[in-house]
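This report concerns only the one structure given below.
The values are calculated or read from the model by the stated rules, or taken from the named source; none is laboratory data. Quick caveat, the model's predicted, so the values are computed rather than measured. Ideal geometry is used to build each Cβ from the backbone, glycine not excepted, and the neighbour counts take in all protein chains shown. Surface areas here come from the heavy atoms of the whole protein model, side chains and all, with no ligands, DNA or RNA. Shrake-Rupley method; radii C 1.70, N 1.55, O 1.52, S 1.80 Å.
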Amino acid sequence: MFSEILGHRTIRAYQVYSLILCSVLVTVSGMVFPNLQNVFGSFDDHTSTIQRLTIVFQHGFDDLSGMIHLFVNILLFIFIGVSTERILGPFYFFILTNAAILFYIFVHSVFDMTGHGAAGVLYAYAPVIFYSLNEARLLKTRSVFDEMYRNLRNVLLIMYLLFPILMAVVPIHFDSELPFLQSLWVGNIFHLSATLLGIVFVFIFREKIRLRLKHFAKKKKFAPEPTDKYAMWFAMVYPFYILTAFILSR
């Protein structure tokens, strides 16, 4: 079933492609033009609210960490982002993504954090994927033998078993005096907050998700929903955040 979801030609993951392009644009432009670090992302304690509009797109504190961080998050967008957008449809994916961005900014502001990256959004998608994998089993499909099912399951394991430890090491790398337990908290605060938001979203919209999965399982042809015609417009909101931050920072 999950291979069919990714291969469904009538459902385009426009928003995920937009998020990837925005991440590449902001991260790479910050490397080429270091002055943009005062416009995008959060590199120090003087981050403004306008800068926080782009914390989801900026990656790394230097060129090497930026490219590694960006590459990993692009892979996560491709695996769980595309699947989430196709499972939810463009409208509900738009709600989840923007709720995650706003909650990311809120948590970032409350704790007066530095740092950035797409984890504050990507981890909001994870509960949707987890719920969908579980529902696939309850629907008595053969999804458990589907290669994409196994790939998504393995990505979730990496996200929640490997990445938390790695993200505990990152703050220590930039601040060697930070205790490990505190570093574990600092490095994973956005993973935790985004996951909690995703769980709330799944709880509210679980019937919608289950219904769409049933349609996929029965291989029915999707009738476009009224909001689907705005899919491209939804995707244009994310570049608007970058443009807004750039204009208002001048």
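Here is a yes/no grid of residues against (1) of a type in the set (Lys, Arg); (2) modelled with pLDDT of 75 or more; (3) surrounded by 12 or more Cβ atoms within 10 Å (Cβ to Cβ):
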residue	(1), (2), (3)
Phe174	no, no, yes
Gly187	no, no, yes
Ala194	no, yes, yes
Arg206	yes, yes, yes
Ala223	no, no, no
Ala235	no, yes, yes
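Evaluate the following for Ile74: is it in contact (Cβ under 8 Å) with a residue 40 or more places away in the chain, among the β-branched types (Val, Ile, Thr) and closer than 17 Å to Val237 by Cα? No; evaluated as a whole, the condition is false for this residue. Here the range 96-142 is the region considered, the condition is being within 20 Å of Pro239 (Cα to Cα) and polar (S, T, N, Q), and the residue that is surrounded by the most Cβ atoms within 10 Å (Cβ to Cβ) is Thr97.
Collect the residues in the range 44-66 that are hydrophobic (A, V, I, L, M, F, W, C) and part of a loop (DSSP other than H, G, I, E, B), keeping them in residue-number order.
Looking only at the range 44-66, we keep the residues that are hydrophobic (A, V, I, L, M, F, W, C), and these are 50, 53, 55-57, 61, 64.
The answer is Ile50, Ile55, Val56, Phe57, Phe61.
Cβ-Cβ contacts under 6 Å between residues 6 or more apart (or on different chains), taken from a first residue in the range 225-250 that is under 30 Å from His215 (Cα atoms) to a second residue that is among the hydroxyl-bearing types (Ser, Thr, Tyr) and open to solvent by 40 Å² or more (accessible area, probe 1.4 Å), are listed as Ala231/Tyr14; Met232/Tyr14; Ala235/Tyr14.
Residues that are hydroxyl-bearing (Ser, Thr, Tyr) and within 26 Å of Ala124 (Cα to Cα) were ranked within the range 25-73; the one that is surrounded by the fewest Cβ atoms within 10 Å (Cβ to Cβ) is Thr49. Here Leu88 meets each of (1) touching a His at 6+ places or on another chain (Cβ under 6 Å); (2) in contact (Cβ under 8 Å) with a residue 60 or more places away in the chain; (3) not hydroxyl-bearing (Ser, Thr, Tyr) with one exception, condition (1). Residues that are at pLDDT 85 or above, within 22 Å of His108 (Cα to Cα) and surrounded by fewer than 19 Cβ atoms within 10 Å (Cβ to Cβ) do not occur anywhere in the range 1-23.
If I ask for residues that are modelled with pLDDT under 80 and closer than 16 Å to Ser193 by Cα, which ones from the range 151-168 would you list?
The answer is Pro164, Met167, Ala168.
The selection criterion, being under 30 Å from Ile50 (Cβ atoms), modelled with pLDDT of 90 or more and buried (at least 20 other Cβ atoms within 10 Å of the Cβ), does not hold for Ala231. Taken as a whole, the structure leaves Phe93 outside the set of residues that are among the aromatic types (Phe, Trp, Tyr), in a loop (DSSP other than H, G, I, E, B) and open to solvent by less than 20 Å² (accessible area, probe 1.4 Å).
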